[in-house]
Amino acid sequence: MAFQRRRNHYYHRFRYLLQALSVVSGALLVLLGIISFLSPYPVETDNPAHRVHRDYSSSIDATDDAIVGGVSPFGVPVFRVPNNGMRSDRDLWTSRNSKYFHGCCNSSAKFLKAEAITHPNRYLAIATSGGLNQQRTGITDAVVAARILNSTLVVPKLDQKSFWKDASNFSQIFDVNWFISTLAEDVKIIKELPRKRGKTWSPHTMRVPRKCSERCYNNRVLPVLVKRHVVQLTKFDYRLANRLDTELQKLRCRVNYHALKFTDPIRKMGEKLVQRMRKRSKHYIALHLRFEPDMLAFSGCYYGGGDKERKDLGAIRKRWKTLHISNPDKERRHGKCPLTPEEVGLMLRALGYGSDVHIYVASGDVYGGEETLAPLKALFPNFYSKETIAMKEELELFSSFSSRMAALDFIVCDESDVFVTNNNGNMAKILAGRRRYFGHKPTIRPNAKKLYRLFLNKNNMTWEAFSSRVRTFQRGFMGEPNEVRPGRGEFHENPSTCICEESVPKGKRDSVSRKVGKGNDDSMRKEEIFEDQNVDDHDPEWPDMEEDDNQSGMGGVGLDYDGINSEEPELEDMLSD
């Protein structure tokens with residue numbers, strides 16, 4: 001009997017102990033679950049995802065197209081990039097609804113002809129500033145400034161003393177006769193100042209503020225012009241307001257998209273390069289890759305290259321006395337750092353472009369050289385540049401002139417099925433605007449502000465998850481119609497005033513010829529796709545930026561252009577393109 005009582009006693013004690021252990025174990029499991037849920041992904045201290053010099057094979061298996069994602073035996077996600085592009089919910093080579101939009105920049109009947117508004121003995125001369133892309137914005141705005149002042153415009157002078165030291169004049173880059181005749185009804189243009197009493201007039205030199213409005217020109221420049229008769233505006237880049245009267249905005253488009261045409265040698269060589277890319281593949285991507293040492297130095301960004309990178313870029317940064325000391329982590333968080341070549345490649349593959357896609361790369365000397373380019377070439381082995389698809393003899397006429405070489409790159413980029421940039425500088429803006437005007441061809445600008453965290457943690461997720469999030473983040477950054485609200489961003493990037501929307505697809509209307517002015521000039525044929533613009537693959541591009549990435553529709557790469565001291569000549573040179 002006593003034995004039975006002892007056994008019952010121990011039984012009840014053991015049962016209570018089991019219950020207590022169960023409660024404690026349950027609480028521990030709940031606590032561990034909460035901790036696991038709240039814990040962030042582990043972040044590597046030196047951020048190998050952004051290193052310029054790194055072991056590429058450690059994170060990407062570019063040859064294995066069987067495994068898209070998965071988990072290793074230790075529970076770590078496997079990040080492997082498939083050879084074939086992922087299934088996409090969009091046509092990779094066209095923009096949605098682009099058939100309903102077309103460029104339209106003809107003037108109205110209210111816009112008087114030049115002969116009716118131009119005052120005699122009133123001449124405006126312009127000295128452009130910076131590299132070829134920045135000079136182009138100056139030329140475009142110079143025509144509008146001459147119209148505002150009711151003056152005769154002297155063919156603008158190109159900057160020949162900047163960082164790129166290109167001695168080319170206007171007529172060696174652009175077809176000057178085409179320029180004058182195309183704009184004859186809008187602004188009177190002459191090649192040089194007339195002589196007065198056997199001598200050339202000496203212009204009065206002055207400078208207007210950046211983003212000077214129509215009223216600003218009438219208040220600041222017109223009184224001097226009336227008194228002196230000849231005025232030269234210097235450092236003429238971004239000296240005209242972004243928002244103007246509709247007729248003046250349309251004039252901007254007539255200049256930019258129709259009157260500025262490259263010379264025949266540049267156009268013909270550019271056409272050859274395009275044809276050679278087309279022979280290789282039905283479609284091709286053009287990538288304007290800005291990853292030169294001077295650009296990285298100015299941006300203040302850091303890419304994990306250790307002491308060598310800090311020393312290299314720090315030495316370059318000393319060129320700018322007024323350059324503020326930046327926080328590299330903050331710059332990247334705000335999306336102000338150019339994507340690395342590897343990041344650009346991963347973004348494109350995630351968007352659905354397979355390893356068989358052909359890429360034309362317009363680029364200067366990339367920091368880190370071939371080692372930096374290796375990841376991009378592994379992702380896209382069909383990798384070309386003008387130097388690889390043209391013979392050395394063919395480029396001899398252009399190779400000594402950075403602006404002419406840049407113009408060749410621009411033509412190939414402009415004609416590409418898809419244009420991609422890793423920044424949002426002058427060339428990227430000009431091309432984005434042109435591609436919108438001429439059919440909304442896909443123009444991919446990275447949403448760097450959103451992609452930053454994704455690249456940082458890509459090794460902690462599967463490729464499937466990574467690519468899905470890239471496609472989500474890139475909505476609104478693909479060059480689609482109405483992607484940017486009218487009036488937002490630089491007018492050269494978003495010429496909304498000059499784009500018309502139709503209820504009937506343009507394929508069912510009469511084909512849109514590139515006509516300008518008030519006449520129907522049949523000479524402006526579709527071949528004038530080469531009439532335009534310029535890329536400078538050697539010019540660092542320092543764009544304006546807005547903090548809200550989707551407010552402006554821009555990818556988040558760039559610096560505040562207007563915040564720079566414009567009195568520093570070398571700094572202005574570096575800012576140009």
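The values are calculated or read from the model by the stated rules, or taken from the named source; none is laboratory data. Keep in mind it's a predicted model, so treat the numbers as computed, not measured. We place every Cβ from the backbone using ideal geometry, glycine too, and count neighbours over all the protein chains shown. What goes into the accessible areas is simple: the full protein's heavy atoms, side chains included, and nothing from ligands, DNA or RNA. Shrake-Rupley method; radii C 1.70, N 1.55, O 1.52, S 1.80 Å.
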Over the range 366-480 - Rg/Rh using Cα atoms and the Kirkwood inverse-distance radius: 1.01
Global geometry of the range 114-261, whether rounded, prolate or oblate, following the gyration tensor of its Cα atoms and the 1.5 cut on a/c: rounded
Accessible solvent surface per residue of the range 114-261, calculated while the other protein chains remain in place, 1.4 angstrom probe, Å²: 41 Å²
Size of electric dipole in the range 114-261: Cβ of Lys, Arg +1 and of Asp, Glu -1, about Cα centre, debye, nearest 20: 600 debye
Amide H partners (placed H, <5 Å) of V361, local residues excluded: L287, Y384, S385
The range 311-466, accessible surface, carbon-and-sulfur percent (1.4 angstrom probe): 50 percent
Within the range 114-261, percent of DSSP bridges classed antiparallel, to nearest 5: 15 percent
In sequence order, calculated HN-Hα J values of the range 240-255 (Karplus, 6.51, -1.76, 1.60; Hz; x Gly/Pro): 10, 4, 5, 10, 9, 4, 3, 5, 6, 5, 5, 4, 3, 5, 5, 5
Calculated from backbone phi, Karplus (6.51, -1.76, 1.60) coupling profile of the range 427-433 in Hz, x at Gly/Pro: 5, 4, 5, 4, 5, 4, x
Calculated log₁₀ intensity ratio I(q)/I(0) where the Debye formula runs over C-alpha points of the range 192-231, q = 0.29, 0.31 Å⁻¹: -0.99, -1.05
The range 271-340 - charge dipole about Cα centre, Lys and Arg +1 at Cβ, Asp and Glu -1, debye rounded to 20: 360 debye
Built amide H within the under 5 Å cut-off of T340, gap 5+: none
Spatial separation of Cα centroids for the range 368-390 and the range 402-449, in angstrom: 19 Å
Neighbour-limited loop hits for trypsin sites (Lys or Arg not before Pro), the range 275-306 (at most 10 other Cβ within 10 Å; DSSP other than H, G, I, E, B): K282
Whole-percent carbon and sulfur share, accessible surface of the range 114-261, 1.4 Å: 47 percent
Sum of side-chain charges, T118 neighbourhood, beta-carbon under 10 Å (Lys, Arg +1; Asp, Glu -1): +3
Backbone HN-Hα couplings from phi across the range 466-476 [Karplus 6.51/-1.76/1.60, Hz, Gly and Pro as x]: 4, 5, 5, 6, 4, 5, 5, 5, 8, 5, x
Ordering of 190-199, 327-336 by packing [mean C-beta count within 10 Å, highest first]: 327-336, 190-199
Calculated log₁₀ intensity ratio I(q)/I(0) where the Debye formula runs over C-alpha points of the range 178-327, q = 0.15 Å⁻¹: -1.10
Burial ranking of peptide ranges 478-489, 417-428 (average Cβ count within 10 Å, highest at the top): 417-428, 478-489
Amide hydrogen neighbours beyond the local backbone of F262, cut-off 5 Å, H modeled: D175, D532
